[in-house]
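Structure first, commentary second.
The values are calculated or read from the model by the stated rules, or taken from the named source; none is laboratory data. Keep in mind that what you see is a predicted model, and the values were worked out from it rather than measured. Quick reminder, even Gly has a Cβ in these numbers, built from the backbone with ideal geometry, and neighbours come from all protein chains shown.
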Amino acid sequence: MALGPIMLGLEGAELTAQERELLGHPLVGGVILFTRNYQSLAQVAALTAAIHALRRPRLLVAVDHEGGRVQRFRDGFTRLPPVRRLGEIYDQDRMRAKQLARVTGWLMAAELRAVGVDLSFAPVLDLDHGVSGIIGDRAFHHEPESVADLAHAYVNGMQKAGMEAVGKHFPGHGGIAADSHLELPVDPRPLAMLETADLLAFERMVHYGLAALMPAHVVYPAVDEQPAGFSARWLKGILRQRLEFQGVIFSDDLDMAGAHAAGSPPERASAALAAGCDMVLACNDRRAAVAIVDHLRYAPDPVTQARLIRLHGRGHPTVERLHHNPAWQRAVRLVHDYDAFPLLEMDI
């Protein structure tokens, strides 16, 4: 059975009978986990194992685990600082900041891989323009080249731990105050301005071989009247053709207010896929998710399948084995206090 184009959220810490049936539907290709799905390391490892056992190829399991404000699993996991801290260090010592970014990306991914999670929707590639509360310290820096430099190192660390990266929110959510979770933001800047600022960090990461991207539920009316995640001009024209991106395009959550302009849940999913997304997210509204599964019309695409299969996590150390790894122990100490420990011994 191929991986379908829908990624769903779950209700609790264990799979229900309804969820097992739903995840067996050929249109489903993945699961996104939230804090409501987490109780302990052992529990979430059992949950991911149960999800992976349902299908072949196994369903993708993802989570938002950036650090700072956005870290779904906390007890038993290292508390990761917001990545802005790396940007602050970068302004003082670029080499150290990049080494720290690599260690942090490795630690985040290694801990998730130890409990069976395939993907973290990270890193954020938005610029911190100082106006967006929803982005803010989730961004590495306000300069695009600095963001790309730090993100490249961070992604290298993730890949070392067996996880591919998902950059977000293309082409940039940091230039406006509105929060797409609550409303549909509008960014009036022309394409030429975006190309020399926000879009540049994404372009750099595409050329570094980034495996996946997530577009923003933001309208850029100087480019297209549709939000980026529903815009064929942004996804097929600029991202695929001009930037030559070959990886997976995930929609942002279709339950967010910024997506509602595209119509009913099935209409949103259809519009996002038609615009160029490979997989759509339906995270928090079970009724909407079921409607999408029941009504979406979709023909599997071999190219999309190849892209999605690439995102399965590699390697799966147990939590116990990871915690006995001296590299993990050193990384935890370092991330707890970036300034207290030397980097010379870090072999990650």
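In this structure, is VAL223 farther than 18 Å from PRO5 by Cβ, at pLDDT 95 or above, in contact with a helix residue (DSSP H, G or I) (Cβ under 7 Å, 6 or more places away or on another chain) and of a type in the set (A, V, I, L, M, F, W, C)?
yes
Out of region 90-105, which residues are crowded, with 19+ Cβ neighbours inside 10 Å and of a type in the set (A, V, I, L, M, F, W, C)?
ALA97, LEU100, ALA101, VAL103, listed by residue number.
If you check LEU80 against the conditions, is it modelled with pLDDT of 95 or more, of a type outside the set (Lys, Arg), part of a helix (DSSP H, G or I) and crowded, with 18+ Cβ neighbours inside 10 Å?
Against the criterion (modelled with pLDDT of 95 or more, of a type outside the set (Lys, Arg), part of a helix (DSSP H, G or I) and crowded, with 18+ Cβ neighbours inside 10 Å), LEU80 does not qualify.
Scan region 235-266 for residues that are of a type in the set (S, T, N, Q) and either without any contact (Cβ under 8 Å) to a residue 24 or more places away in the chain or under 30 Å from GLY162 (Cα atoms) (or both) and jot them down. Give the derivation first.
From region 235-266, those of a type in the set (S, T, N, Q) are 241, 246, 251, 264; that's our starting set.
Once the filter is applied, which keeps residues that are of a type in the set (S, T, N, Q) and either without any contact (Cβ under 8 Å) to a residue 24 or more places away in the chain or under 30 Å from GLY162 (Cα atoms) (or both), region 235-266 yields GLN241, GLN246, SER251.
Give, as residue ranges, the helices (runs of 4 or more DSSP H) completely inside region 238-317 that count at least 2 residues that are modelled with pLDDT under 95 and among the polar types (S, T, N, Q).
Because the criterion is at least 2 residues that are modelled with pLDDT under 95 and among the polar types (S, T, N, Q), the helices (runs of 4 or more DSSP H) in region 238-317 that meet it are 302-309.
Evaluate region 290-313: report whether one residue or more is under 30 Å from LEU100 (Cβ atoms) and basic (Lys, Arg).
Taking every residue of region 290-313 in turn, at least one turns out to be under 30 Å from LEU100 (Cβ atoms) and basic (Lys, Arg).
So, LEU322, is that one modelled with pLDDT under 90, on the phi < 0 side of the Ramachandran plot, hydrophobic (A, V, I, L, M, F, W, C) and touching a helix residue (DSSP H, G or I) at 6+ places or on another chain (Cβ under 7 Å) or not?
For LEU322, the condition - modelled with pLDDT under 90, on the phi < 0 side of the Ramachandran plot, hydrophobic (A, V, I, L, M, F, W, C) and touching a helix residue (DSSP H, G or I) at 6+ places or on another chain (Cβ under 7 Å) - is not met.
MET1: surrounded by fewer than 17 Cβ atoms within 10 Å (Cβ to Cβ) and within 22 Å of CYS277 (Cβ to Cβ), yes or no? So that I can check it myself, show each step before the final result.
Details: surrounded by fewer than 17 Cβ atoms within 10 Å (Cβ to Cβ): yes; within 22 Å of CYS277 (Cβ to Cβ): yes.
Spelling it out, MET1 is indeed surrounded by fewer than 17 Cβ atoms within 10 Å (Cβ to Cβ) and within 22 Å of CYS277 (Cβ to Cβ).
Checking ALA257 against (1) within 26 Å of ALA201 (Cβ to Cβ); (2) surrounded by 15 or more Cβ atoms within 10 Å (Cβ to Cβ); (3) under 18 Å from the mean Cα position of the chain (by Cα); (4) not β-branched (Val, Ile, Thr), which test does it fail?
Every condition holds for ALA257 apart from (3).
If you check every pair at least six apart or on different chains, which have Cβ atoms under 6 Å apart with a residue in region 217-234 that is under 19 Å from ASP126 (Cβ atoms) first and a residue that is at pLDDT 95 or above and of a type in the set (Asp, Glu) second?
Here the result reads SER231/ASP224, each pair linking region 217-234 to a residue that is at pLDDT 95 or above and of a type in the set (Asp, Glu).
Is there a residue being assigned to a loop (DSSP other than H, G, I, E, B), within 19 Å of GLN71 (Cα to Cα) and touching a helix residue (DSSP H, G or I) at 6+ places or on another chain (Cβ under 6 Å) anywhere in region 182-195?
So far as region 182-195 goes, no, none of its residues is assigned to a loop (DSSP other than H, G, I, E, B), within 19 Å of GLN71 (Cα to Cα) and touching a helix residue (DSSP H, G or I) at 6+ places or on another chain (Cβ under 6 Å).
Applying the selection to region 5-37, what residues are in a loop (DSSP other than H, G, I, E, B) and under 18 Å from the mean Cα position of the chain (by Cα)? Can you show your working first?
Taking region 5-37 first, the residues in a loop (DSSP other than H, G, I, E, B) are 5, 10-16, 24-27, 34.
PRO5, LEU10, PHE34 - these are the residues of region 5-37 that are in a loop (DSSP other than H, G, I, E, B) and under 18 Å from the mean Cα position of the chain (by Cα).
If the Cβ limit is 6 Å and pairs must be 6+ apart or interchain, which residue in region 130-147 that is closer than 16 Å to LEU80 by Cα pairs with which residue that is basic (Lys, Arg)?
Listed pairs, sorted by first residue: ASP137/ARG84.
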